[in-house]
Amino acid sequence: MAKSKICNRPGLVTITEEPKIYDALNYNDVKKCVKLNLSTDECYIKHGKIILAHFKVNDLFANKKLDLSQFFLRLEKEASKLNISLMQMSPREKIFEKIFTSEFKNMGNKYLKNLKIALLPRVTIIDGKNQIEINKILKKFHDNPITGGHTGITRTLSKVKKYYFWKGMTKHITKYVKACENCQISKITKHNKPPAIITPTPISAFEIVLVDTVGPLPKTENGNEYAVTIICDLSKYLITVPIPNKNAKTVAKAIIDSCILVYGPMKKFISDLGTEYTVRHKILITF
Ligand SMILES: [Zn+2]
């Protein structure tokens, strides 16, 4: 249905079509609406936990693609039987693993007539007093070596914000990161590291190389959990070598096999002075 909107300027009237599927800016506005659950098999219209209606959608798939025009026709029919004109839907519904929300919106705007769907914000709202849930989230986004990685306040906050919101989250996260023992220890270690040495610009490739170790990363099938990155300071050419651990011997072997034996010995070698580079290992001395 077209809605006319009168502008402030006299004589100017703009016609704007309100979208049938729109992003709900505030969860509270739509939280009491009926819910739309859509998987690749079935569609449910629910009020709380009560199923008001459901219909199969697996027959609407052709070449693994859901026929959205047919789907919206069926949905509108069910909604009109129930006298429903607005539904809420989470952007985390299973169907969005198969189709883009933008495509869903475009087709909905085209085929829906009287029914509107409010897409909820991507973030989950958490009760600010639910300390157990908050701690669980912070453990995941700060402590966990893969999903957290003990990042600072700003980075931890921006990661959590992508998925959750609760009142006072900035304060909570600041306090949590500041109190994290692991972060305190690594801060002290970082400050005690000798300063990096500034070197002049190299003339030829692989004359000066910058070496670093990254990880731990998710373990690969071959049992590798770390990687050595070797960058030629002149060309910025990058060599990445997967390694199972970051012992000095393993790292030295990776550098010899993948860099020195291929591009020749470097004149200068720059590292972040991690222990794997400062341990005077036989291999590094004798190559
Ligand atoms: Zn930490």
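The values are calculated or read from the model by the stated rules, or taken from the named source; none is laboratory data. Model, not experiment: these values are computed from the prediction. Cβ atoms come from the backbone with ideal geometry, glycine included; neighbour counts cover every protein chain shown.
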Review point. Does PRO200 satisfy the criteria of being in a loop (DSSP other than H, G, I, E, B), modelled with pLDDT under 85, within 16 Å of the ligand (Cβ to nearest atom) and at negative phi?
Key: no
Practice item. Answer yes or no: is there a residue in the stretch 257-264 that is of a type in the set (D, E, K, R) and modelled with pLDDT under 90. Key: no
Study note, to complete from the structure: In the stretch 32-50, anything free of Cβ contacts under 8 Å to residues at least 24 places away in the same chain and over 14 Å from ALA79 (Cβ atoms) is listed as LYS32, ASP41, GLU42, GLY48, LYS49, ILE50
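So that you can scan it fast, the table gives a plain yes or no per residue for (1) within 24 Å of the chain's Cα centre (by Cα); (2) part of a helix (DSSP H, G or I); (3) not assigned by TED's automatic domain parsing to the domain that holds LYS171:
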{"site": "PHE71", "(1), (2), (3)": "no, yes, yes"}
{"site": "ARG74", "(1), (2), (3)": "no, yes, yes"}
{"site": "ALA79", "(1), (2), (3)": "no, yes, yes"}
{"site": "GLN88", "(1), (2), (3)": "yes, no, yes"}
{"site": "SER102", "(1), (2), (3)": "yes, yes, yes"}
{"site": "LYS105", "(1), (2), (3)": "yes, yes, yes"}
{"site": "ASN109", "(1), (2), (3)": "no, yes, yes"}
{"site": "GLU133", "(1), (2), (3)": "yes, yes, no"}
{"site": "LYS139", "(1), (2), (3)": "yes, yes, no"}
